[in-house]
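Notes follow once the structure below has been shown.
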Amino acid sequence: MTTHDSAFGLTFPPDFLWGAATSAYQIEGATSEDGRGPSIWDTYGAVPGNILGGETGTVACDHYHRWAADLDLMKAMHLNAYRFSVAWPRVMPGGTGPVNAAGLDFYERLVDGALERGLEPHVTLYHWDLPQALQDVGGWAHPDIPHWFAEYALAVAQRLGDRVASYATFNEPWCSAELGYHVGRHAPGLRDLRTSLLASYHIHLSHGQAVRALREANTRAELGIVLNLYPVDAATEADRETAALVDEKINRWYLDPVFRGTFPERAWAHYGDAVPEIDPAALAAVCQPLDFLGVNYYFRQWVSGNEVRRSGPPGAGTERTAMDWEVYPEGLHRLLLDLHREYPAPRYLITENGAAFDDVFGNGRVQDDNRVRFMRTHIEQMHRAMEEGVPVGGYFAWSLLDNFEWAFGYSKRFGIVHVDYETQVRTPKASAEWYARFARAQRGVAR
Ligand code: PNW
């Protein structure tokens, strides 16, 4: 027997990764412990009005102290992989310069703890918590940042080495550049298109430079990048051109440099004078052979007139999450087929998929049937894509825990495990129990 039947009759390869994902700033807390330097999210969160309810990541899920119990949760759920991020300001408090050994100690304990529990560690090097010291000199807009990032990546890889299964350079660079430097709804809260495009360019260069540095250091871990990607649909024929532009701005502005060493033409022309001065050779070098592409899938973009909706087609027939995002499982199937055709990678990992719902905690449990349905239908669509030839190697639920949802503070709960922020008590939701049964069946683990 090489495969196992699951609850709903889908067969996945026995070595398929069933995991959960988190990120450092969203769960760790302990923002000034053991030599960690300040990050842009500490600074941004300290400004009234930036985060709903004035909340911050200072305590979050206290994962910095509760990491062992959190790993136990995943082991109990029969998962075999854990995706988390390393906080740059823990490793290099000043962004560049001396390494803080205590910061790396934490991630070393985490990696070893994961391995002891049968969880493959999948590390994201940058999930939005830039050291404030680097922001003080311009952050992603500074021309030297690719060098600083590669330096930091090497410091992590030198310590964690081959115990890590994969490194993703970036999580969702669109969010860093667009939300952080243009829309201003994420740290550092800037509102300037030109600076945001420059930041995106430097993030690309940083990715390329870090991948080259890690390869030269003979890192055996798989290397890749994680992008937030969306099918883009036009409501009417007249919306097609806009939809194509939106697709280039959100998806291809990030895919093309990584896979082709170029920027997409339509978006480039659209941005006009705001585009940065590009060194074609440097841009070409962003395209490094990768071992995987990480796909974060949440919803599609629906283009209608001048409006780009995340909530899908108007009307009551569409299910939406607490973020007002459309529930659209078919989009994952479409996205994977499109990627496989246009941006072939050796394998794809679904590095995030999940939903916030208005969970009701009562009698010691959360009966989140909506989240169970969300996960099941998305896993079904991922399976369809695999049957049609797309090499998908794993699925990571976003998120293991309810956590700090950026500008929304703690008001949006994405966890499959409920967190009581008063007591820090973790309670697996019905979705965690469902996922545990599913993973156990898929992996053929005895009861
Ligand atoms: C992702 N959008 O963020 C991040 O990787 C996670 O840290 C986050 O908690 C999760 O998705 C849920 O939001 C996104 O506006 C933030 O399209 C914003 C968007 C997409 C993803």
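Residue by residue through the range 384-415, note down the ones that are crowded, with 19+ Cβ neighbours inside 10 Å, outside any loop (DSSP other than H, G, I, E, B) and over 20 Å from the mean Cα position of the chain (by Cα).
The answer is A385, M386.
Output the residues belonging to the range 24-54 that are surrounded by fewer than 23 Cβ atoms within 10 Å (Cβ to Cβ) and within 14 Å of the ligand (Cβ to nearest atom).
Across the range 24-54, the qualifying residue is only L52.
Which condition number does I225 fail, the rest of (1) part of a helix (DSSP H, G or I); (2) of a type in the set (A, V, I, L, M); (3) within 16 Å of the ligand (Cβ to nearest atom) being met?
Only one criterion in (1) part of a helix (DSSP H, G or I); (2) of a type in the set (A, V, I, L, M); (3) within 16 Å of the ligand (Cβ to nearest atom) is unmet by I225, namely (1).
Being surrounded by fewer than 22 Cβ atoms within 10 Å (Cβ to Cβ) and assigned to a helix (DSSP H, G or I) is the requirement here; does R371 meet it? It would help to see each step written out before you state the result.
On the way: surrounded by fewer than 22 Cβ atoms within 10 Å (Cβ to Cβ): no; assigned to a helix (DSSP H, G or I): yes.
So R371 fails the test.
Quick one: which residue in T195, T219 is under 30 Å from G161 (Cβ atoms), polar (S, T, N, Q) and more than 16 Å from the chain's Cα centre (by Cα)? Outline the logic, then answer.
Numbers: T195 fails: under 30 Å from G161 (Cβ atoms).
Only one candidate qualifies: T219.
Among the listed residues V123, V183, identify the single one that is more than 14 Å from the ligand (Cβ to nearest atom) and of a type in the set (V, I, T). It would help to see each step written out before you state the result.
On the way: V183 fails: more than 14 Å from the ligand (Cβ to nearest atom).
Result: V123 is the single residue among V123, V183 that is more than 14 Å from the ligand (Cβ to nearest atom) and of a type in the set (V, I, T).
So S304 ticks every box in (1) under 24 Å from Y395 (Cβ atoms); (2) crowded, with 17+ Cβ neighbours inside 10 Å but one. Which box is left unticked?
The number of the failed condition is (1).
Taking the range 7-20 as the search range and keeping residues that are outside any loop (DSSP other than H, G, I, E, B) and not β-branched (V, I, T), which one is surrounded by the most Cβ atoms within 10 Å (Cβ to Cβ)? Break it down stepwise before answering.
If we filter the range 7-20 for residues that are outside any loop (DSSP other than H, G, I, E, B), which is where we start, we get 11-12, 17-20.
Narrowing further to those that are not β-branched (V, I, T): 12, 17-20.
On the way: F12: 23, L17: 24, W18: 23, G19: 26, A20: 29.
Going through the qualifying residues, I end up with A20.
Can you tell me which of F259, F299 is of a type in the set (A, V, I, L, M, F, W, C) and within 16 Å of the ligand (Cβ to nearest atom)? Spell out how you get there, then give the answer.
On the way: F259 fails: within 16 Å of the ligand (Cβ to nearest atom).
Within the list F259, F299, the selection yields F299.
Which of the helices (runs of 4 or more DSSP H) found entirely inside the range 21-84 contain at least 3 residues meeting this: over 29 Å from E116 (Cβ atoms)?
Correct list: 40-45.
Which pairs do you get when a residue that is under 15 Å from L245 (Cα atoms), found in the range 296-307, comes within reach of a residue that is of a type in the set (G, A, S), reach meaning Cβ atoms under 7 angstrom, with the pair 6+ apart or on two chains?
Qualifying pairs under 7 Å: R300/G312; R300/G331; W302/A235; W302/G312; V303/A234; V303/A235; V303/A243; S304/A235.
Looking at the range 248-319, what helices (runs of 4 or more DSSP H) fall wholly within it and have at least 2 residues that are among the small types (G, A, S) and farther than 28 Å from F84 by Cα?
Values: elements: 253-260, 265-271, 280-284.
Fully inside the range 248-319 and qualifying: 265-271, 280-284.
Do any residues in the range 78-89 that are surrounded by fewer than 24 Cβ atoms within 10 Å (Cβ to Cβ) have Cβ atoms under 8 Å from those of residues that are assigned to a strand (DSSP E or B), where the two are at least six apart or on different chains, and which pairs are they?
So the pair list comes out as H78/W18; N80/L17; N80/W18; N80/G19; N80/E120.
Of everything in the range 167-183, what is part of a helix (DSSP H, G or I) and within 11 Å of I203 (Cα to Cα)? Give them in sequence order.
Quick first cut of the range 167-183, residues part of a helix (DSSP H, G or I) only: 173-183.
Within the range 167-183, P173, W174, S176, A177 meet the criteria.
Quick grid of which residues meet (1) under 21 Å from the mean Cα position of the chain (by Cα); (2) farther than 21 Å from G189 by Cβ:
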| residue | (1), (2) |
| --- | --- |
| D15 | no, yes |
| T22 | yes, yes |
| E28 | yes, yes |
| G37 | no, no |
| Y44 | yes, no |
| H65 | no, yes |
| M74 | yes, yes |
| L79 | yes, yes |
| T96 | no, yes |
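Output the number of residues of the range 416-430 satisfying the condition of being in a strand (DSSP E or B) and aliphatic (A, V, I, L, M). So that I can check it myself, show each step before the final result.
Our first condition is that a residue be in a strand (DSSP E or B); within the range 416-430, this holds for 417-419, 426-428.
With the extra rule that they be aliphatic (A, V, I, L, M), the set shrinks to 417, 419.
Looking only at that region, the number is 2.
Spot the failing condition for G189; the list is (1) surrounded by fewer than 23 Cβ atoms within 10 Å (Cβ to Cβ); (2) assigned to a helix (DSSP H, G or I); (3) within 16 Å of the ligand (Cβ to nearest atom), and only one is missed.
Answer for G189: the failing condition is (2).
Among the residues of the range 177-221, what is the count of those that are of a type in the set (K, R) and under 18 Å from D129 (Cβ atoms)?
1
Within the range 135-143, identify whether any single residue is outside any strand (DSSP E or B), among the acidic types (D, E) and touching a residue at least 12 places away in the same chain (Cβ under 8 Å), and answer yes or no. Quick ask: steps written out before the conclusion?
Filtering the range 135-143 down to residues outside any strand (DSSP E or B) leaves 135-143.
Within this subset, residues satisfying the condition of being among the acidic types (D, E) are 136.
So of that shortlist, the ones also touching a residue at least 12 places away in the same chain (Cβ under 8 Å) come out as none.
For the range 135-143, residues outside any strand (DSSP E or B), among the acidic types (D, E) and touching a residue at least 12 places away in the same chain (Cβ under 8 Å): absent.
Every residue, every condition in (1) in contact with a Leu (Cβ under 9 Å, 6 or more places away or on another chain); (2) within 12 Å of the ligand (Cβ to nearest atom); (3) not aromatic (F, W, Y), yes or no:
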position	(1), (2), (3)
Q288	yes, no, yes
G294	yes, yes, yes
G305	no, no, yes
R310	no, yes, yes
M323	no, yes, yes
P329	no, no, yes
R334	no, no, yes
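Of the numbered conditions (1) in contact with a Ser or Thr (Cβ under 8 Å, 6 or more places away or on another chain); (2) within 16 Å of the ligand (Cβ to nearest atom); (3) not small (G, A, S), V366 satisfies every one except a single condition; which is it?
Of (1) in contact with a Ser or Thr (Cβ under 8 Å, 6 or more places away or on another chain); (2) within 16 Å of the ligand (Cβ to nearest atom); (3) not small (G, A, S), only one is false for V366: (2).
Readers should treat all values here as calculations from the given coordinates under stated rules, not as data from a laboratory. All figures in this text were calculated on a predicted structure; none of them were measured in a lab. Here Cβ is always computed from backbone atoms with ideal geometry, including for glycine, and neighbour counts include all displayed protein chains.
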